[in-house]
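Engineer: Sending over a structure as structure tokens; questions will come in a sec.
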């Protein structure tokens, strides 16, 4: 008997692309096929105009996502920060398209109905980058090179704009389990806010913390994968 493949669909955070998750493939082998949402404005789609609305992004990319996953493929969704709310929107769409979502794993994000009070959208240049760095506790090395910074900046600004303006497309909770992950020292998302995701599902809910700040997953990819596996094996407890 051939075991059905389960996909781990990763949704990048602001400014990131699919390549961030390439190092996850080896430690995920034998558990999931790791694949990523490939948004316009980065990597192979660099020349395309980035989205400025999360709901539009989910609806605009759902065909490509389903084609990549394959209809009927059991799927675990993972998204960090901006990726968390985009993954939430995709989870609503995938079930209707014949892709069974087994679990939504959100990371570094308050519940979908909570908007950030301090914002980066509308700021320019160094002020914008300083605010983003303050939020993330992380600075991409490419931003230290003027030529690269000019290339990356428009997409990063668009990502921040759509994240900070996000309003869920529906108030109907998901019927799939949700696990919320957080860096224990995250200064952007409190533990209470990370637990707000429990209200976004009628199925089971789990919560885990890791050492580190908002961008803890940069160094802890294998541990995140182990946590996703452990949560996936855990019997769901309905809310």
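Engineer: Determine, for 19, 81, the number of other Cβ atoms within 10 Å of each Cβ, and report the residues in order from fewest to most.
Structural biologist: 19, 81
Engineer: Kindly express, to the nearest 10 degrees and within the range 0 to 90, the angle between helix 221-233's C-alpha long axis and the longest C-alpha principal axis of the chain.
Structural biologist: Orientation of helix 221-233: about 30 degrees from the principal axis.
Engineer: Let me ask something else. On a 0 to 90 degree scale, rounded to 10, what angle separates helix 125-136 from the longest Cα axis of the chain?
Structural biologist: So the helix axis and the longest Cα principal axis differ by about 30 degrees.
Engineer: So, one more: Using only Cα atoms and rounding to the nearest 10 degrees, what angle (0 to 90) does helix 54-69 make with the longest principal axis of the chain?
Structural biologist: 50
Engineer: Once you place label points 7 Å from the Cα toward the Cβ at residue 171 and residue 47, how far apart are they in nm?
Structural biologist: 4.5
Engineer: Give me the distance in nm between label points sitting 7 Å out from Cα along the Cα-to-Cβ direction at residue 59 and residue 115, one decimal.
Structural biologist: Label-label distance for residue 59 and residue 115, simple model: 1.9 nm.
Engineer: Which order do 6, 155, 73 fall in if you start with the one that has the fewest other Cβ atoms within 10 Å?
Structural biologist: Lowest count first: 6, 73, 155.
Engineer: Moving on to the next point. Per-residue ellipticity at 222 nm for the chain, helices alone: DSSP H runs ≥ 4 residues times -39500 (n - 2.57), over residue total, nearest 500 deg cm²/dmol?
Structural biologist: About -10500 deg cm²/dmol.
Engineer: Moving on to the next point. FRET efficiency for residue 25 and residue 150, Cβ-Cβ distance as r, R0 = 25 Å, nearest 0.05?
Structural biologist: Once rounded, the FRET efficiency stands at 0.20.
Engineer: Just want to confirm a number: the relative contact order over the chain, from Cα pairs under 8 angstrom separated by 6+ residues, in percent.
Structural biologist: It rounds to 20 percent for the chain.
Engineer: Can I ask one more? Quick one: 21, 78, 210, fewest Cβ neighbours within 10 Å first, how do they rank?
Structural biologist: Sorted ascending by nearby Cβ count, the order is 210, 21, 78.
Engineer: For the stretch 191-218 and the stretch 33-76, what is the centre-to-centre distance using only Cα atoms, to the nearest Å?
Structural biologist: Using only Cα atoms, the two centres lie 23 Å from each other.
Engineer: Rounded, prolate or oblate for the stretch 31-123? Axes are the square roots of the Cα gyration tensor eigenvalues, ordered a ≥ b ≥ c, and the cut-off for rounded is a/c under 1.5.
Structural biologist: Oblate.
Engineer: Roughly what % of DSSP beta bridges within the chain run antiparallel, to the nearest 5?
Structural biologist: 5
FYI, it's all coordinate maths here, none of it is from the lab. Bear in mind the structure is a predicted one, so any value in this text is a computation, not a measurement. Virtual Cβ from ideal backbone geometry, glycine too; neighbours counted across all protein chains shown.
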